[in-house]
Amino acid sequence: MPSPDPVAAFAELKFRDPVRARAMVEALGRLTADIGRSRVSVMHVCGSHEQAIAKYGLRATFPRALNVIMGPGCPVCITDTPEVDEGVALARQGVHIATYGDMVRVPGTVMSLADAQAEGAKIHVIYSAGQAVELAERLKEPVVFFATGFETTAVATAAIVLNGLPDNLSILSAHKYIPPVMEVVAEMPETTVEGFLAAGHAATITGWGVFEAFVERHRLPVVVAGFEPLDILAGLVKLLELVRDRTPRVVNMYPRCVTKDGNLRAQERLWKVFRPTGGRWRGIAHVPNGNLRLQDAFAHVDARRRFTIDLASLWDYAPPALAQSCICGDIMAGIKSPADCTLFGNECTPERPVGACMVSSEGTCKIWQQYGGHPDLGGLA
């Protein structure tokens, strides 16, 4: 038997085929017409989905009646101000802070890590949890890894903790867990969301089965989707089919990466190191079990227990006046869009961000600003 042609083997993995894309767009039009309402609102909970939607101009192809909302799927955006304040306070106390790049400019109550760095604080941008370990080994001085992100990055943090940290490295966890915030959005009285597009990369860890209880409780469909244009369009087609048929169930449209049970080894590491606890997500609400904090067994590496974090030292500063007008919370909850904010594109730009949604590469405001704002759908059917 001849060996398979590797080029032919990958030929079927086409995710940017314009012919297929047009067919799916037409299907979206038929489905919204079948549903028969002037507005059908669904939500995705992933900044990577929003990036792809904007980058490939997908919103300009959606039918008028389809409203695809970006929810609280940007981990930088929903890191609450007191968590940023903790990092700033530690930095101003002389501790080296290692964190991911987008976190440096996220505003706290009165200043960001970038502001603290301008005053002489020692802030280090890293690209992986492993680099925090390397930094601590090199510096030999106290280092705190300000760890942010959802399940995917939390697993990486758990891995370095289980491997054993250098004595001078501590963890300040601002990690978050996505499934609980979907509950909060579904229960908001003003929500119009009729179904959810779930993030494929997070589901590689948790598995798609994690959403079954949510669907049962709220009678809302959930579709797990990948991040290529055809992944997203196919996910939306399936989601609208479920909305049309009033069939609340979970469908996995990312089977090449996601299974029902997920990555069991990663889950074991995640829950060995972290415990879910309630906490506030910036501008949204208190989210029961939405924050990930270190288990008691790892108190010896928990920055909140190893250091006295003097938040009172920040109170001599006045919070920026413009921050009071920021509506990032309503944007991430899917109640409003960036276009509803008077600051968007004016006082608030990627170069001069007022709110966290304009800082992060996964923030709705920055994405919309980067790709020209919300497209004009006036000429489309």
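For this structure, a couple of remarks:
- Added length on full extension, which subtracts the Cα-Cα distance from 0.36 nm per residue, ALA159 to ARG275: 40.3 nm
- Accessible area of the stretch 128-228 belonging to carbon and sulfur atoms, whole % at 1.4 Å probe: 52 percent
- Rounded to the nearest 0.05, the FRET efficiency derived from the C-beta distance between GLU26 and GLN370 at R0 = 25 Å is 0.30.
- For the chain, the solvent-accessible area with a 1.4 angstrom probe is 44 square angstrom per residue.
- Sparse-neighbourhood loop sites, GluC sites (Glu not before Pro) in the stretch 159-261 - DSSP loop, at most 11 other Cβ within 10 angstrom: GLU190
- Cβ-Cβ distance of ARG39 and ARG16, R₀ of 22 Å, FRET efficiency by 1/(1 + (r/R0)^6): the value works out to about 0.15.
- Summing charges over neighbours of ALA33, with a neighbour being any other residue whose Cβ is under 15 Å away from its Cβ, gives +1 when K and R count +1 and D and E count -1.
- Exposed loop sites, defined as chymotrypsin sites (Phe, Trp or Tyr not before Pro) outside DSSP H, G, I, E and B with at most 13 other Cβ atoms within 10 Å, are absent from the longest region of the chain, namely 128-314.
- Compactness of the stretch 183-341 was expressed as the Cα radius of gyration divided by 2.2 N^0.38 Å, which yields 1.28.
- Residue pairs, from the table LYS272/LYS336; LYS260/LYS366; LYS122/LYS366; LYS176/LYS260; LYS238/LYS272, whose Cα atoms sit over 30 Å apart: LYS272/LYS336; LYS260/LYS366; LYS238/LYS272
- Helix-only [θ]222 nm of the chain, DSSP H runs n ≥ 4, -39500 (n - 2.57) each, per residue, nearest 500: -10500 deg cm²/dmol
- Relative to the longest principal axis of the Cα atoms of the chain, helix 18-35 runs at roughly 80 degrees.
- Assuming charge only on the beta carbon of Lys and Arg (+1) and of Asp and Glu (-1), the dipole of the chain about its Cα centre is about 640 debye to the nearest 20.
- Distant-in-sequence amide H partners of ASN67 (H built 1.01 Å from N, under 5 Å): VAL40, SER41, VAL42
- Amide H contacts for GLY195 (H built 1.01 Å from N in the peptide plane; partners 5 or more residues away or on another chain; cut-off under 5 Å): MET43.
- Cα gyration tensor shape of the chain, rounded if a/c is under 1.5, else prolate or oblate by comparing a/b with b/c: prolate
- Ranking ALA89, LEU220, ALA186 by how far each Cα lies toward the positive end of the dipole of the chain (charges on Cβ) leaves LEU220 at the top.
- Unpaired cysteine residues in the chain (no second Cys Cβ under 4.7 Å): CYS46, CYS257, CYS326, CYS341, CYS348.
- Approximate spin-label separation ALA299-LYS122, in nm, with each point projected 7 Å along Cα-to-Cβ: 2.7 nm
- Solvent-accessible surface (1.4 angstrom probe) belonging to MET24, in square angstrom, nearest 10: 50 Å²
- Of all DSSP beta bridges in the chain, antiparallel share, percent nearest 5: 20 percent
- Amide H contacts of PHE150 (H built 1.01 Å from N, under 5 Å, at least 5 apart or other chain): LYS176
The values are calculated or read from the model by the stated rules, or taken from the named source; none is laboratory data. Nothing here was measured: the structure is a model prediction, and the numbers come from that model. Using ideal geometry, Cβ is built from the backbone for each residue, glycine included, and neighbour counts are taken over all protein chains shown. Note: accessible area is taken over every heavy atom of the protein model, side chains too, but ligands, DNA and RNA are not part of it. Shrake-Rupley method; radii C 1.70, N 1.55, O 1.52, S 1.80 Å.
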